[in-house]
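Since the structure comes first, as structure tokens, the remarks are kept for the end.
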Amino acid sequence: MERNFNEAVELSQKYLDLIAREELTNSEKDWVVQETVKCFRDHVNPGFLEYRKSVSTDYTSVEWKDSGSTFTDVYGREFIDCLGGFGIYNVGHRNPKVIETVINQLKRQALHSQELLDPLRGFLAQLLAKITPGDLQYAFFVNSGTEAVEGALKFARMYTGRTTFIATTRGFHGKSLGSLGATAKGVFRKPFLPLIQGFRHVPYGDADAIAMMLESSAFIGEDVAAVILEPIQGEGGVIVPPDDYLPRVRQLCDRYGALLILDEVQTGMGRTGKLFCCDHYNVVPDILCLAKAFGGGVMPIGAFVSRKEIWQKLIDNPILHSTTFGGNPVCCAAAIANINIILSENLPARAAELGEFMIGRLKELAAQYPSVVQEVRGKGLLIGIEFVTNEIGYEVAKGLFARGVLVAGTYINSKSIRIEPPLTISKEQLEQVLERLKDTLAEVKGMVERGEV
Ligand SMILES: *Cc1c(COP(=O)(O)O)cnc(C)c1O
């Protein structure tokens, strides 16, 4: 494309004026949609226009603003957000306390000098030590989930001196070159092989499989540095393991001197009805990974948290692992507000209560539509609905969107969709979701009967 600085100044000013506007005129709204589609087609990825077709058949579903448990497209159509950014919005969209805190911090300092001691990093780390289970004490802050997992993997190698990892099939731990080794879907991994060596994948939910892998790895002299797991698989389609799974894996790790890394990027911060999902099982990991909802649905921030011994080499050399933006003041401020809200409003208990209500009602609906729904499962407000086929799931997601409810399949298909609304969502809104789902299921049942899907 021809370089044109004058045009870039003009265009950027036009974008800035739009960002600053509270209301758009009708012609501006049309322009935003056309410009967005054009820019995606020519400069982001035209594949998205096709990929997102379940939610944008006419390409007019361009999002513009959000608040509480809803977001609104450019034309003012409101959607109840049951996707919750795959678990970002635990305290809701633009929670006022998070926004206020971020604005206050922005007025003083956004990023840090990189050299002096930045107080909010310290404050947030102390809060994490107080709210995480067991003797987790030190925190390293990053910008995303995949970076939290990268750090956890590096620290497990550094501490144990071992290089073998056990992960689970259908697990999701991010897509950077290290964490992708733990992620377990071939479709994401294949074009990038070989990844870092030493990952062994075993079926999720099967502690015996982990036992066997730990034993055979030790036997062949490739002792396991760590087992990495999601306490409930999110991206895998909301897979809840047997109740004794985590406790057994904890015992096995102890027996073989392997660390247990729990990836609570999606299940953490109250989502499943406890502050951390591992609290359901009274299991303490050696390293806990957080991100997604950790920044209060406003700022991107992740963390990995661990015990002092595991930190020792970083204490000896504090720049052994580092990041420029990780743990910056404005993100830490958001995370501090987030923790305050989740605890003071008791959102984990709210998630447990609303989750029980929702899962109960969804199971009733599932029983009425056996030709459409295969299974409902979940914990707290991390809920999965599995459909009879991928195509049926896709039609349901599409039908819900047409009725003003956003849900999503997993990355690779829609056989299971996830219901992950803000933990602050009202019961009335959940009832509306159930109402609209009922209409959608009736419609899709008709399609199934007529052989259209
Ligand atoms: C989303 C997710 C990640 C990756 O987080 P990003 O911020 O997208 O890098 C890692 N682990 C789990 C369990 C996740 O759900």
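Descriptive notes on the structure:
- Residues Ile385, Ile19, ordered by accessible area of protein heavy atoms at a 1.4 angstrom probe radius and largest first, appear as Ile19, Ile385.
- Heavy-atom SASA rank of His93, His280 (probe 1.4 Å, accessible area, largest first): His280, His93
- Approximate spin-label separation Glu452-Leu434, in nm, with each point projected 7 Å along Cα-to-Cβ: 2.7
- Normalised by the number of residues in the range 252-401, the mean separation of alpha-carbon contacts (under 8 Å, six or more apart) gives a relative contact order of 21 percent.
- Here the range 131-160 is scanned for amide nitrogen atoms under 19 Å from the site 7 Å beyond the Cα of Ile196 along Cα-to-Cβ, giving 139-160.
- Dividing the radius of gyration of the alpha carbons in the range 164-210 by their Kirkwood radius gives 0.95 for Rg/Rh.
- Two-decimal Rg/Rh across the range 23-162, once Rg and the Kirkwood Rh are taken from alpha-carbon atoms: 1.07
- Pairs beyond 19 Å (Cα-Cα), from Lys292/Lys427; Lys363/Lys415; Lys65/Lys398; Lys175/Lys313; Lys107/Lys292; Lys175/Lys292: Lys292/Lys427; Lys65/Lys398; Lys175/Lys313; Lys107/Lys292
- Debye-sum result for the range 344-453 in log10 I(q)/I(0), which assumes one identical scatterer on each alpha carbon, at q = 0.12, 0.18, 0.20 Å⁻¹: -0.38, -0.83, -1.01
- In nm, spacing of pseudo-spin labels at Glu353 and Lys175 (7 Å Cα→C-beta vector): 3.8
- Pair-distance profile P(r), taking every C-alpha pair of the range 283-416, with 5 angstrom steps and integer %: 2, 8, 11, 14, 15, 13, 12, 10, 7, 4, 2, 1, 0
- Exposure of Arg450 as accessible area (Å², to 10), given a probe of 1.4 Å and all protein chains: 150
- Gain upon complete extension [Gln126, Glu2; 0.36 nm per residue less C-alpha separation]: 39.5 nm
- For the chain, the relative contact order works out to 19 percent when only alpha carbon pairs closer than 8 Å and six or more residues apart are counted.
- If you look at the Cα atoms of the range 96-344, you get an Rg and a Dmax of 17.7, 58 Å.
- Here the simple spin-label model places points 7 Å from the Cα toward Cβ, and for Arg108 and Thr323 these points are separated by 2.3 nm.
- Relative counts (whole %) of C-alpha pair distances in the chain, using bins that are 20 Å wide: 23, 55, 21, 0
- With a Förster radius of 22 Å applied to the C-beta separation of Ser216 and Asn390, the computed FRET efficiency comes to 0.05.
- Rolling a 1.4 angstrom probe over the protein heavy atoms with all chains in place gives the range 1-123 an accessible area of 69 Å² per residue.
- Mean shadow area of the range 366-422 over all directions, Cα convex hull, nm²: 4.0
- Accessible carbon and sulfur surface of the range 96-344 relative to its total accessible area, %, 1.4 Å: 57
The values are calculated or read from the model by the stated rules, or taken from the named source; none is laboratory data. All figures in this text were calculated on a predicted structure; none of them were measured in a lab. Cβ: placed from backbone, ideal geometry, glycine included. Neighbour counts: every protein chain shown. To get the accessible areas, we keep the full protein, side chains included, count just its heavy atoms, and leave off ligands, DNA and RNA. Shrake-Rupley method; radii C 1.70, N 1.55, O 1.52, S 1.80 Å.
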